[in-house]
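The values are calculated or read from the model by the stated rules, or taken from the named source; none is laboratory data. Computed from a predicted structure; not experimentally measured. Here the Cβ positions follow ideal geometry from the backbone for every residue, glycine too, while neighbour counts run over all protein chains shown. Ligands, DNA and RNA are stripped out before the accessible areas are found, and what is left, the full protein with its side chains, is counted by its heavy atoms. Shrake-Rupley method; radii C 1.70, N 1.55, O 1.52, S 1.80 Å.
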Amino acid sequence: MLLVLLGPPGAGKGTQAELICKDHNFFHFSTGNILRDEINNETAVGKKIKEIINQGKLVSDKIIIKIVDNIITKELSTNKGVLLDGFPRNLSQALALNLLLKKKNHSIT
């Protein structure tokens with residue numbers, strides 16, 4: 001199962017996501033948390049993300065989609081579902097997510 005919560009900052013997406021994920025054994029995908037984890041774990045992509053953020057820039061959709069691809073592949077095999085919290089954030093990300101899911105024979109529930 002793949003769920004998406006959308007809304008403006010402060011709308012309660014994170015709070016609701018935590019409750020849903022806990023009750024249904026879903027992986028909680030929060031873009032901010034995932035990016036921080038990559039940085040803290042000093043992965044190759046995490047180092048790149050840190051450099052981008054330190055320059056005051058936004059992490060590209062290409063990097064975000066690659067991370068989403070990895071997370072979906074990994075977590076759908078070990079959890080009952082994945083809940084995307086605040087992702088996609090723009091039309092480009094939504095279109096890329098749709099294409100990614102089609103390639104994996106998945107869809108948003």
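Out of the residues in the stretch 1-20 meeting the condition of being hydrophobic (A, V, I, L, M, F, W, C) and more than 14 Å from the chain's Cα centre (by Cα), tell me which one is least open to solvent (accessible area, probe 1.4 Å).
20
Would the stretch 49-56 turn up any residue that is more than 25 Å from residue 7 (Cβ to Cβ), open to solvent by 20 Å² or more (accessible area, probe 1.4 Å) and of a type in the set (Gly, Ala, Ser)?
Scanning the stretch 49-56 turns up at least one residue that is more than 25 Å from residue 7 (Cβ to Cβ), open to solvent by 20 Å² or more (accessible area, probe 1.4 Å) and of a type in the set (Gly, Ala, Ser).
Provide a single number: the residues in the stretch 21-44 that are within 22 Å of residue 83 (Cα to Cα) and surrounded by 13 or more Cβ atoms within 10 Å (Cβ to Cβ).
14
Being open to solvent by less than 40 Å² (accessible area, probe 1.4 Å) and either at pLDDT below 90 or more than 12 Å from the chain's Cα centre (by Cα) (or both) is the filter here; which residues of the stretch 57-70 pass it?
The answer is 59, and nothing else.
Does any residue in the stretch 27-41 that is farther than 15 Å from residue 69 by Cβ come within less than 8 Å, Cβ to Cβ, of a residue that is assigned to a strand (DSSP E or B) and acidic (Asp, Glu) six or more places away or on a different chain, and which pairs are these?
28/85; 30/85
Could you check the stretch 5-34 and list, in sequence order, the residues that are among the aliphatic types (A, V, I, L, M) and closer than 16 Å to residue 90 by Cβ?
5, 6 - these are the residues of the stretch 5-34 that are among the aliphatic types (A, V, I, L, M) and closer than 16 Å to residue 90 by Cβ.
Looking at the stretch 30-76, which of the residues that are acidic (Asp, Glu) and in a helix (DSSP H, G or I) is farthest from residue 101 (Cα to Cα)?
My answer is 51.
Among the residues of the stretch 77-109, how many are open to solvent by less than 40 Å² (accessible area, probe 1.4 Å), in a helix (DSSP H, G or I) and of a type in the set (A, V, I, L, M)?
Counting residues in the stretch 77-109 that are open to solvent by less than 40 Å² (accessible area, probe 1.4 Å), in a helix (DSSP H, G or I) and of a type in the set (A, V, I, L, M) gives 5.
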